[in-house]
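Visitor: Got a structure for you, questions after.
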Amino acid sequence: MAQGNPSAGNGIPVAGSPAGAPPGARAQLLETASAIMRDGDVIDISLSELSLRSGLNSALVKYYFGNKAGLLKALLDRDWQAIVTSVDALVEKDGWSPEAKLRRHLWKVVDTFYEVPYLNRLTMRMVRESDDAEARRIADSYLSPIYRAYEQLIGNGVRAGVFREIDPQLFYFTVTGAVDRFFSARLVLKHCFDQDTLTEELRDRYREHTIDIIMAGILAR
């Protein structure tokens, strides 16, 4: 195995892979970490469980990410980059009305939190545990772009007479809170509703419910 940590501090190896590591080992570690947090409804992992479930030597975490904190940072970046790319493309999409864009965005948000229900909690953990520079990087790279997208989506709708005046900042917290609270509520489902699995059927019902409630609050008519 290569010595040291060739990730140059950004979680991406600067050259090659260690001897014996299968192709795609870095991505496999990230996906396994994601699955552990999804299945356990947690925002932490043990390296021993990661090794057992991935079938990879836990020493690869040091090689690719430096340490467990680096792994969690890389996972956060992976998940958020997909979201920001998606919302940017939606804002710029031609031929869609403001209402259609917002409905599509809300649909995508629910689906995303179903796939990565730990995302908001992991984000807040990483912000709390990071120094000021890293916390600012997370905010500037992932949180602020979502807020700016809401400013544009809502502003376009207001100018078109489709939406009433809504504070984009408060709208951000409304949407994030609605999905984060539901998809991190497995213990509530278990003890109050005798259901501890977030099924696709439940996701679909909650998606329709959330879109109906939020759109009813923002539509001008």
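The values are calculated or read from the model by the stated rules, or taken from the named source; none is laboratory data. Values in this document were obtained by computation on a predicted structure and should not be read as measured data. Every residue, glycine among them, receives a Cβ derived from its backbone with ideal geometry; neighbour counts consider all protein chains shown. Just the protein is used for accessible areas: all its heavy atoms, side chains included, with ligands, DNA and RNA removed. Shrake-Rupley method; radii C 1.70, N 1.55, O 1.52, S 1.80 Å.
Visitor: Looking at segment 20-32, can you tell me whether even one residue there is β-branched (Val, Ile, Thr), more than 20 Å from SER144 (Cα to Cα) and modelled with pLDDT of 95 or more?
Guide: Applying the first criterion (β-branched (Val, Ile, Thr)) to segment 20-32 yields 32.
Remaining after also requiring more than 20 Å from SER144 (Cα to Cα): 32.
Those left that are additionally modelled with pLDDT of 95 or more: 32.
Yes.
Visitor: If GLU200 passes every condition in (1) exposed (fewer than 14 other Cβ atoms within 10 Å of the Cβ); (2) on the phi < 0 side of the Ramachandran plot; (3) at pLDDT 95 or above but one, which one does it miss?
Guide: (3)
Visitor: Do you know which residues across segment 17-34 are open to solvent by 20 Å² or more (accessible area, probe 1.4 Å), among the aliphatic types (A, V, I, L, M) and part of a helix (DSSP H, G or I)?
Guide: ALA27, the sole residue that qualifies.
Visitor: When the residues of segment 42-78 are filtered to those that are at pLDDT 95 or above and acidic (Asp, Glu), which remaining residue is least open to solvent (accessible area, probe 1.4 Å)?
Guide: Ranking the candidates gives ASP77 first.
Visitor: Moving on to the next point. Go through segment 138-152 and give me each residue that's open to solvent by less than 70 Å² (accessible area, probe 1.4 Å), out of contact with any Phe, Trp or Tyr (no Cβ under 6 Å at 6 or more places or on another chain) and either over 16 Å from GLU92 (Cα atoms) or at pLDDT 95 or above (or both).
Guide: ILE138, ALA139, SER141, LEU143, SER144, listed by residue number.
Visitor: Residues that are without any contact (Cβ under 8 Å) to a residue 24 or more places away in the chain and closer than 29 Å to ASP44 by Cα: find the helices (runs of 4 or more DSSP H) completely inside segment 72-177 holding 3 or more of those.
Guide: Values: elements: 98-115, 119-129, 132-138, 144-159.
Answer list for segment 72-177: 119-129, 132-138.
Visitor: Let me ask another. Among what's in segment 79-88 and is open to solvent by less than 60 Å² (accessible area, probe 1.4 Å) and aliphatic (A, V, I, L, M), pick the residue that is farthest from ARG159 (Cα to Cα). Reasoning before the result, please.
Guide: Going through segment 79-88, the residues open to solvent by less than 60 Å² (accessible area, probe 1.4 Å) turn out to be 79-80, 83-84, 86-87.
Right, trim to aliphatic (A, V, I, L, M) and you get 83-84, 87.
Values: ILE83: 26, VAL84: 24, VAL87: 20 Å.
Looking at residues that are open to solvent by less than 60 Å² (accessible area, probe 1.4 Å) and aliphatic (A, V, I, L, M), I get ILE83.
Visitor: Additional query: Taking segment 153-169 as the search range and keeping residues that are in contact with a strand residue (DSSP E or B) (Cβ under 8 Å, 6 or more places away or on another chain) and among the β-branched types (Val, Ile, Thr), which one is most open to solvent (accessible area, probe 1.4 Å)? Lay out the reasoning, then the answer.
Guide: Just the residues of segment 153-169 that are in contact with a strand residue (DSSP E or B) (Cβ under 8 Å, 6 or more places away or on another chain), to begin with: 154, 157, 162-164.
Next, only the ones that are among the β-branched types (Val, Ile, Thr) stay: 154, 162.
On the way: ILE154: 6, VAL162: 37 Å².
The extreme case among them is VAL162.
Visitor: Would you mind telling me which numbered condition in (1) at pLDDT 90 or above; (2) out of contact with any strand residue (DSSP E or B) (no Cβ under 9 Å at 6 or more places or on another chain); (3) open to solvent by less than 80 Å² (accessible area, probe 1.4 Å) HIS209 fails?
Guide: With respect to (1) at pLDDT 90 or above; (2) out of contact with any strand residue (DSSP E or B) (no Cβ under 9 Å at 6 or more places or on another chain); (3) open to solvent by less than 80 Å² (accessible area, probe 1.4 Å), HIS209 is out only on (3).
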